[in-house]
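Here's the structure we're looking at; comments come further down.
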């Protein structure tokens, strides 16, 4: 299983993009609408074929059920809420309530693990999983921003259990797990000798 991308949630897409661009010094591009969940996003490629996503509820769209990424319950300033991985085989990693949901945006097609209530697996502590129906995922096709992910820190009351559960299926030295009373993600990036943490 490999790290595919990180997701920043925001109350509005405009607020989220401005917040991320101001802190990271990069430009978000592309993206589009997810009709199934009534959301929209913008993307920025990171070094090494992964990317950063800003996602929010699309005020011009509706949803027949709960929105993914826990967006129905999201409030407050933009923040990192989710890390998304692509396993070699999707089915065995559909755990913590995730069910495979076929998705599309433009020409892209993929299957995504989403709990029926739209929540994040273990509040975002466990990675959401997906399977791209393409040989070249967005992290490769987007023009690189030059931003490098140095570390992703996962804080969770059951951090050690999550790390143990992922042993044997996920190994990325950039991802660390720490026990904490609250669930929180933070990521450290480097760009032109400048380090920024979200």
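The values are calculated or read from the model by the stated rules, or taken from the named source; none is laboratory data. Values in this document were obtained by computation on a predicted structure and should not be read as measured data. No Cβ is skipped: glycine too gets one built from the backbone with ideal geometry, and neighbour counts run over all protein chains shown.
Quick one: count up the residues across the stretch 120-153 that are under 13 Å from the mean Cα position of the chain (by Cα) and either at pLDDT 80 or above or part of a strand (DSSP E or B) (or both).
Within the stretch 120-153, residues that are under 13 Å from the mean Cα position of the chain (by Cα) and either at pLDDT 80 or above or part of a strand (DSSP E or B) (or both) number 11.
Go through the stretch 90-109 residue by residue and tally those that are in a strand (DSSP E or B) and under 19 Å from residue 65 (Cβ atoms). Working first, answer last.
If we filter the stretch 90-109 for residues that are in a strand (DSSP E or B), which is where we start, we get 99-105, 108-109.
Then drop every residue that is not under 19 Å from residue 65 (Cβ atoms), which leaves 99-105.
Matching residues across the stretch 90-109 total 7.
For the condition in contact with a strand residue (DSSP E or B) (Cβ under 7 Å, 6 or more places away or on another chain), under 18 Å from residue 115 (Cα atoms), surrounded by fewer than 21 Cβ atoms within 10 Å (Cβ to Cβ) and in contact (Cβ under 8 Å) with a residue 40 or more places away in the chain, what is the one hit in 36, 23?
Working: 23 fails: under 18 Å from residue 115 (Cα atoms).
Criteria check complete, one pass: 36.
Looking at 81, 129, 114, which one is crowded, with 19+ Cβ neighbours inside 10 Å, in contact with a helix residue (DSSP H, G or I) (Cβ under 7 Å, 6 or more places away or on another chain) and under 15 Å from residue 2 (Cα atoms)?
Details: 81 fails: under 15 Å from residue 2 (Cα atoms); 114 fails: under 15 Å from residue 2 (Cα atoms).
One residue alone meets the criteria, 129.
Show me the strands (runs of 3 or more DSSP E) found entirely inside the stretch 28-70 where at least 1 residues are within 18 Å of residue 120 (Cβ to Cβ) and in contact with a helix residue (DSSP H, G or I) (Cβ under 7 Å, 6 or more places away or on another chain). Break it down into steps so the answer makes sense when it comes.
On the way: elements: 29-34, 39-45, 51-57.
Correct list: 39-45, 51-57.
With respect to residue 58, is the statement that it is within 19 Å of residue 101 (Cβ to Cβ), modelled with pLDDT of 90 or more and out of contact with any strand residue (DSSP E or B) (no Cβ under 7 Å at 6 or more places or on another chain) true?
Working: within 19 Å of residue 101 (Cβ to Cβ): yes; modelled with pLDDT of 90 or more: yes; out of contact with any strand residue (DSSP E or B) (no Cβ under 7 Å at 6 or more places or on another chain): no.
So residue 58 fails the test.
Among the numbered criteria (1) surrounded by fewer than 18 Cβ atoms within 10 Å (Cβ to Cβ); (2) in contact (Cβ under 8 Å) with a residue 24 or more places away in the chain; (3) at positive phi, which single criterion is violated by residue 193?
(2)
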